[in-house]
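K.L.:
Just dropping this structure here.
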Amino acid sequence: MYTGSVHVLADSHRYTWRVPNVSWMGIKGRLYTTGDIADLLGVGRQRAYTLSRQRDFPEPYDEWPGGLAVWRVEDIERWARNSDHYRDRMTGRD
């Protein structure tokens, strides 16, 4: 029993998932992949992946088929604002 589909362009691939939870559909577009995090921080994807494995980095919101981890935008932006290295990139993003 699925209520809709989510289409995401991430890491140069298009992913489509059928999702069962209507409340989850309300946050689509508010999730970041590792590639999105790299773009936000101005770093390469490998560096974003390395950051995502650090202890102080937010836990992924979910892991989609194929092992694609996604994070809530709010969690990543909060982490970046509190990070000594990335705080300047987040100035004026609220």
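K.L.:
If I stretch the segment between Glu59 and Asp84 completely, what's the gain in nm (0.36 nm per residue apart, minus their alpha carbon distance), one decimal? The partial results should precede the final answer.
P.N.:
Details: separation 25, 0.36 × 25 = 9.00 nm, distance 1.92 nm.
So the chain would gain 7.1 nm between Glu59 and Asp84.
K.L.:
Enumerate by residue number the trypsin sites (Lys or Arg not before Pro) in region 34-94 meeting two conditions: DSSP loop (anything except H, G, I, E, B), and at most 13 other Cβ atoms within 10 Å of the site's Cβ.
P.N.:
Arg53, Arg55, Arg93
Coordinate-derived values only; no laboratory data. Fair warning: this is a prediction, and the values are worked out from it, not measured in the lab. Reconstructed Cβ throughout: ideal geometry from the backbone, glycine too, with neighbour counts over all protein chains shown.
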